[in-house]
Amino acid sequence: MEDGIIKVDSDFGKKIGFTSDKYWRDSYLWLQGSRVMISLIFSKQEGQGNLSALFKNIESNGFRIAVPTPFARMESILKKKGFVMHIEDTELGDCEVWEKPMADSNVKRV
């Protein structure tokens with residue numbers, strides 16, 4: 001799959017469980033190299049484990065998960081799941097991104 005947007009119910013979306021029975025259609029993810037960016041996500045049934053299942057499916061397909069500038073509720077979820085925040089230099093300037101550090105990762109905690 002090429003880098004770019006992952007829409008609800010797309011082929012890759014279905015493969016990882018990013019489907020319209022769980023997420024609103026205005027949600028989207030973004031594939032960027034070896035990671036899936038959780039760009040904008042709206043769950044239809046919050047607290048039912050859909051996000052945890054999505055994370056598991058993404059990782060089981062060999063991708064890392066990254067979440068840029070999460071809202072407070074997502075940040076709380078990410079902290080519980082062992083994600084850490086770092087700053088990435090982008091074409092638009094510095095951006096806060098949360099990822100799970102890997103053993104061989106260059107992610108530095110801030």
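Numbers at a glance
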read-out: Sole residue being aliphatic (A, V, I, L, M), within 20 Å of Gly33 (Cα to Cα) and over 13 Å from the mean Cα position of the chain (by Cα), chosen from Ile58, Ile87, Ile65; value: Ile87
read-out: Selection status of Ser39, surrounded by 14 or more Cβ atoms within 10 Å (Cβ to Cβ) and assigned to a strand (DSSP E or B); value: yes
read-out: Single residue of the range 68-82 satisfying the filter (more than 11 Å from the chain's Cα centre (by Cα) and surrounded by 15 or more Cβ atoms within 10 Å (Cβ to Cβ)) that is nearest to Ser43 (Cα to Cα); value: Ile77
read-out: Extreme residue, farthest from Pro101 (Cα to Cα), among residues of the range 26-36 that are surrounded by fewer than 19 Cβ atoms within 10 Å (Cβ to Cβ) and within 9 Å of the chain's Cα centre (by Cα); value: Trp30
read-out: Test: residue in the range 55-62 that is touching a Cys at 6+ places or on another chain (Cβ under 9 Å) and either in a helix (DSSP H, G or I) or modelled with pLDDT under 95 (or both); value: no
read-out: Residue in the range 5-21 that is at pLDDT 95 or above, buried (at least 16 other Cβ atoms within 10 Å of the Cβ) and under 10 Å from the mean Cα position of the chain (by Cα) present; value: no
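The values are calculated or read from the model by the stated rules, or taken from the named source; none is laboratory data. On a predicted model such as this, the values are computed, not experimentally measured, just so you know. For neighbour counting, all protein chains shown are included, and Cβ atoms are generated from backbone atoms with ideal geometry for every residue, glycine included.
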